[in-house]
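For reference, the structure discussed in these notes is given below.
The values are calculated or read from the model by the stated rules, or taken from the named source; none is laboratory data. Just so it is clear, the model here is predicted, and its values are computed rather than measured. So basically every Cβ, Gly included, is an ideal-geometry build from the backbone, and we count neighbours across all protein chains shown. SASA here: full protein model, heavy atoms, side chains in, ligands and nucleic acids out. Shrake-Rupley method; radii C 1.70, N 1.55, O 1.52, S 1.80 Å.
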Amino acid sequence: MMITGLYATPGYSGFFFDDQRAIKQGAEHDGFTYEGEPVTDGFDEIRQAGESIIVDIELADGTVVRGDCAAVQYSGAGGRDPLFQAEEYAPVIEGPVADELVGREATDFLENAQLLEELQVDGDRLHTAIRYGVSQALLAAAAEAGNTTKTDVMADALGTEPATEPVPVFGQSGDDRYNNTEKMFVKGVPVLPHALINSVEKIGENGETLLEYVEWLTERSQELGPDGYEPRFHIDVYGMIGEIFGAPYDRDEVVDYFADLEAAAAPYPIQIEGPMDVGNREKQIEAMVELREGLADAAVSVDIVADEWCNTFEDVRAFVDAEAADLVQIKTPDLGGIHRSGQAVRYCEGTDTRAYLGGTCNETETSARACAHVALATNAAQVLAKPGMGFDEGYMIVENEMRRTIARRERDRQAETDETETDEITADD
């Protein structure tokens, strides 16, 4: 079935754009916003409303399918593409992008997505958010045209066998790290709570505040979780362990702190995201390797998650090749086309590094559902509940999309089995 139209409508995303550089330089909260002037190009305020572009693809039979362009909360930082402004980029989608895709066969997902990935306008590649959103719509178009699931389209493109159970969902609490985490316990969320530990106040001058929080996690999970509940704790510390301890990261003081985190989480596993931020990819990899080797030598079983300076497919490959992390976060909007996120998950196969299919709170329900299909198609280690910072909505969206898809695939398989058995009976007659 042919693609007959491509349309772009500016919209909102599930959270906000934040000027990370300004915040790190000391911008203070003013209620929900921040005081001070932005320092990153494109920002008018330190915190401003997140934007998206709703991408509609029309097919020859009149069916319309959708994808959403979205960018991460901390856009324009750490080597990422500039701030994503919907009014600026919508004409690009309805112009040069539509010119390339209209008239192509919708079932040719991988070919269409790769063409989009390589397309240049005025000598520059398309913004990652455009590639992300339009490729979601291409995935939906292929599934619609082929009367199949987006999981199956992605699996065919990547050469994988989809998961038959939902991939473990990682819930993020935002700053409401107690109330939202209790919600997660009640719902039996498998990986939690993120916790947003991004300041000395939240971690403690010597790390004591985080240790107390992890002890609370262990105790409260046993009180509120369902029977047989065995969570995995995942804490994002935004480089704050490096801030309070400093290098070298394999010395006793640092390793002992991780041992204390392990003890506080027992009997549950714990993983720490972004333990330090040293300013560039090469040095970050060196610091992460140093820490992992120190933990291994001391037999401390805390997993380390790559976040800072692990944005693109090339970054993921560098961290995996260096064995710098137990998990790498694959930040879906930063990789461009959604198939690139799937390829990044696959790159982790056969290595000691697990793939965390992440992204950002600043996406939309459409992009979150698309990522659920990538998670199923690749059987990732975990997938982020998104969008937003309220937890419940994002968890519902991602978990339900996976459950619905698995149920549909089971029905489709049963229908094929029944049809085959009927054909065999008819042939015998």
Solvent exposure of the range 150-250 as accessible area per residue, Å², 1.4 Å probe: 42 Å²
R104 long-range amide H proximity, modeled H, under 5 Å: I3
The long-range amide H neighbours of Q382, using H built 1.01 Å from N in the peptide plane and a cut-off of under 5 Å, are L357
Just add up the charged neighbours of F185: K/R +1, D/E -1, any other residue whose Cβ is under 15 Å from the Cβ of F185. -3
Starting from 0.36 nm per residue, how many nanometres of slack lie between E37 and I244 once their C-alpha separation is accounted for? 71.8 nm
Measuring from centroid to centroid over Cα atoms, what is the spacing of the range 118-178 and the range 64-93 in Å? 15 Å
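Write down, largest first, the equivalent ellipsoid semi-axes of the chain in whole Å, where each equals the square root of 5 times an eigenvalue of the alpha-carbon gyration tensor. Mind dumping the intermediate values first?
On the way: eigenvalues 268, 150, 75 Å².
Working through the eigenvalues yields semi-axes of 37, 27, 19 Å.
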Keeping all protein chains in place, calculate the accessible area per residue for the range 29-106 (probe 1.4 angstrom), answer in Å². 45 Å²
With axes computed from alpha carbons, what is the tilt in degrees of helix 208-224 against the longest principal axis of the chain, rounded to the nearest 10 within 0 to 90? 50 degrees
Most mobile of E117, E182, E273 per a Gaussian network model of the chain (Cα springs, under 10 Å)? E182
On full extension of the chain, what length is gained from N280 through Q120, given 0.36 nm per residue of separation minus the C-alpha to C-alpha distance? 54.9 nm
Expressed as a percent, the accessible surface of the chain that is carbon or sulfur, using a 1.4 Å probe and the full set of protein chains, is 43 percent
To test your reading of the geometry: what angle, between 0 and 90 degrees and rounded to tens, separates the Cα axis of helix 392-428 from the longest principal axis of the chain? 40 degrees
Looking at the chain as a GNM with Cα springs under 10 Å, which of E308, E94, E37 has the largest mean-square fluctuation? E37
So how much accessible area does I244 have, in Å² to the nearest 10, using a 1.4 Å probe? 40 Å²
What's the magnitude of the charge dipole for the range 164-213 around its Cα centre, counting Lys and Arg as +1 and Asp and Glu as -1 at the beta-carbon? Answer in Debye, nearest 20. 240 debye
Mind checking the angle between helix 281-297 and the chain's longest principal axis? C-alpha axes, 0 to 90 degrees, to the nearest 10. 60 degrees
Using a Gaussian network model on the chain with a 10 Å cutoff between Cα atoms, which of E410, E51, E365 fluctuates the most? E410
Say the dipole of the range 183-335 comes from +1 at the beta carbon of Lys and Arg and -1 at that of Asp and Glu; which of S221, Y268, Y249 then lies farthest toward its positive end? S221
Hey, what do the phi angles of the range 354-370 turn into as Karplus ³J(HN,Hα) couplings, whole Hz, using 6.51/-1.76/1.60 and θ = phi - 60°, x for Gly and Pro? 8, 9, 9, 7, x, x, 7, 5, 8, 9, 10, 5, 5, 5, 5, 5, 4
What nm value, rounded to one decimal, do you get for the distance between A299 and D227 when each label is placed 7 Å out toward the C-beta? 3.6 nm
Evaluate the relative contact order of the range 1-59 (contact order divided by residue number), counting alpha-carbon pairs under 8 angstrom at least 6 apart; express in whole percent. 55 percent
Search the structure for amide H atoms under 5 Å from the amide H of G50, placed 1.01 Å from N in the peptide plane, and list their residues when 5 or more places away or on another chain. S13, F15, F16, F17
By average C-beta atoms within 10 angstrom, highest first, the peptides 136-142, 173-179: 136-142, 173-179
Can you put R220, R131, R125 in order of accessible area, largest first, using a 1.4 Å probe? R125, R220, R131
Could you give the accessible area per residue of the range 285-429, probe 1.4 Å, as a whole number in Å²? 39 Å²
Got a sec to turn the phi values of the range 328-342 into Karplus ³J(HN,Hα) couplings, 6.51 cos²θ - 1.76 cosθ + 1.60 with θ = phi - 60°, whole Hz, x for Gly and Pro? 10, 7, 9, 7, 3, x, 7, 8, x, x, 5, 5, 5, 5, x
Checking the cross-link filter: which lysines have an alpha carbon closer than 25 Å to that of K202, excluding same-chain neighbours under 8 positions apart? K24, K183, K331, K386
Find the Cα radius of gyration of the range 277-429, compare it with 2.2 N^0.38 Å by division, and give the number to two decimals. 1.34
For the range 269-285 and the range 221-247, compute the distance between their C-alpha centroids and round to whole Å. 15 Å
How would the range 1-140 be classified by its alpha-carbon gyration tensor: rounded, prolate or oblate, with rounded meaning a/c under 1.5 and the a/b versus b/c comparison settling the rest? prolate
Dipole axis of the range 70-148 (+1 Lys, Arg; -1 Asp, Glu on Cβ), positive-most option in L115, G146, G133: G133
Using only the Cα atoms, what convex hull volume per residue in Å³ does the range 1-51 have? 112 Å³
Helical mean residue ellipticity (222 nm; -39500 (n - 2.57) per DSSP H run of 4+; nearest 500) of the chain: -14000 deg cm²/dmol
Pop out the ³J(HN,Hα) list for the range 266-277 in order, Karplus 6.51 cos²θ - 1.76 cosθ + 1.60 with θ = phi - 60°, rounded to Hz; leave Gly and Pro as x. 3, x, 9, x, 9, 9, 10, 8, x, x, 9, 9
Under 13 Å from the Cβ of A407, count the other residues' Cβ atoms, weight Lys and Arg +1, Asp and Glu -1, and hand me the total. +1
Nearest-20 debye value, the chain charge dipole, Cβ charges on Lys, Arg, Asp, Glu: 280 debye
